[in-house]
C-alpha cells in the first residue's frame, strides 16, 4: 500500500511518477529470452550488434551496461531542429534506408510517406461513472470507448458492499466486457476513414438496453448492438494487437496530469534498428485487419488502407470529479487486454474503495467476446507476493457450474500505473506483474 507522497516544504501534492516498463517475465518472454529465442531481431545487423555478444552469439547478459550514443545524438538533433527532422530531414532518410534494406521483408516506405504524415489532435471520449467523469483516448484507439462502455454497462448494477472477487462481480464484469468488445470489433477504426458512432456507443440509454442482456448465465458470444445516431456500420475485425507497450502516469505539483501509453507493437517492434540513430522501428501495421471483408462480404472497419491509422487498444485514462478536478490517472500496456485491466482498476477504486496499489493487486478476470469454447472467460493465476491470493479453482468452479462460463486460468501481464489525487496528497500504485515503480518529490 502506498502512502501519500509529499515534500517537506510544500503543503500540497508535489509530483508522483509511476512507470511500469514492458519487459517482465510472465505470459510474455523477457527481453533476453526474446533475443535468445531466435527472433527476427537477429536478421538486422544493427540490432544484432547492439543486443547480442558477437563472440558468443548470445544475448548480452542482464546487467551489461550498454551505452546508446547514437540515440543520444538523435535526441540532441530533435531538440535542436524539432520534429521536422524526423519526418523530412536526415533521420527520415535513415528510417527509409533501414526499411528498404531490411534483410527479411524489405519495405516500400518513401521519404514522401514520412513527409505526408500529419499529427492529428482528437477529442477525448468521456462517460460519467458513479459521479466521476472517466475520459480516455478516442478512435482510432478502441480503448477509451470500450472502457467507457464497460463502465456504462456496470453502472446499471449495484456493486456496493461486494468484494471484487465475488462470483457475481466477476460475472457482471466479464459480461460487460463481452458487450463492449462486440461493439469495439465492429465499429471502431480510424475515424478519418469510417464513421465511428462515438456518441451512440456511450449513450446511457443504449448502454442500459445492452446491460439488460445480462442475466444469471454467461451470454456466450454477443452480437454487436446498433448504437443510436447516423453512421455507416461495418463488419468486425478479429485481429488483435500484440505486446511491446509501456504506460506512464504523472501528476505534478501544479495539478497537471499525464496518462501516456506508448508502443512499438511487439517486443522490439519489427526488429529493425535504424543505423546511426539508436532506435527500433515499430510493427504497428499488424494492428490492422489484413482481411478487407468479413465472411459475409461486409467491409471490415479496420482494414488496411493508404494513409490510415490502425486500431489499437491503448486506454490512457484520466478521471475527473464533478468539479472538473483530476481524481485518477491510470492506464496499462497489454494488447487488447489493456481495456479490461484499466476498466477493472477504475471499478476497484470507485465501487470497492480500494487504494491504488490494492486496486492493481486484485487478480484480473476478462472476457473479450471470443468465440473460443475453452477459455472465453479468463481468470488470472495468482502470483505470490504480487497479486492478492485467492482460491482461483473455487471461483472457476462457481462460474462454470453456476453461470455456464467456459473458464481458463492463465498468467496475465498487465503493467498498470495508477495515481489517485486525495485531499491529503497523491497516492500511487504500480504493477509488480512487470517491473512497475512509484516515485515522487
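Coordinate-derived values only; no laboratory data. Keep in mind it's a predicted model, so treat the numbers as computed, not measured. In this analysis, Cβ positions are derived from the backbone assuming ideal geometry, glycine residues included, and neighbour counts consider all displayed protein chains.
Packing, as the average of other Cβ atoms within 10 Å across residues, places the peptides 351-358, 43-50, 62-69 in the order 351-358, 43-50, 62-69, highest first. To check you understand DSSP bridge types, tell me what percent of the beta bridges within the chain (both residues inside) are antiparallel, rounded to 5. Antiparallel bridges: around 85 percent, rounded to the nearest 5. Taking the C-alpha atoms only, the angle from helix 392-403 to the longest principal axis of the chain is near 60 degrees. Which shape class, rounded, prolate or oblate, goes with the range 174-215 when its Cα gyration tensor gives a ≥ b ≥ c as root eigenvalues, a/c under 1.5 marks rounded, and past that a/b bigger than b/c marks prolate? Oblate. Could you let me know the centre-to-centre spacing of the range 277-322 and the range 127-204, using Cα atoms, in angstrom? Distance between centres, Cα-based: 18 Å.
Rounded, prolate or oblate, given the Cα gyration tensor of the range 105-212, with a/c below 1.5 counting as rounded? Prolate is the answer for the range 105-212, as a/c is 1.5 or above and a/b outweighs b/c. The angle between the Cα long axis of helix 167-187 and the longest principal axis of the Cα atoms of the chain comes to about 50 degrees, rounded to the nearest 10. Look at the Cα gyration tensor of the range 302-432: its axes a ≥ b ≥ c give a/c of at least 1.5 with a/b at or below b/c, and that counts as oblate.
Computed on the chain, with alpha-carbon pairs under 8 angstrom and 6+ residues apart, the relative contact order is 24 percent.
For the range 42-77, backbone nitrogen atoms closer than 20 Å to the point 7 Å from residue 111 Cα along Cα-to-C-beta are found at 74, 77.
So for the range 268-309, averaging the separation of alpha carbon pairs under 8 Å that are six or more residues apart and normalising by length, what relative contact order in percent results? Intermediate values should be presented prior to the final figure.
Numbers: 40 pairs, mean separation 10.8, N = 42.
The normalised contact order for the range 268-309 reaches 26 percent.
The label point for residue 437 and the one for residue 386, both projected 7 Å from the Cα toward the Cβ, are 1.8 nm apart. Taking 339, 109, 127 as the candidate residues, the one with maximal mean-square fluctuation in a Gaussian network model of the chain, Cα springs under 10 Å, is 109. Of the residues 289, 312, 249, the one that moves most in a GNM of the chain with alpha-carbon contacts below 10 Å is 289.
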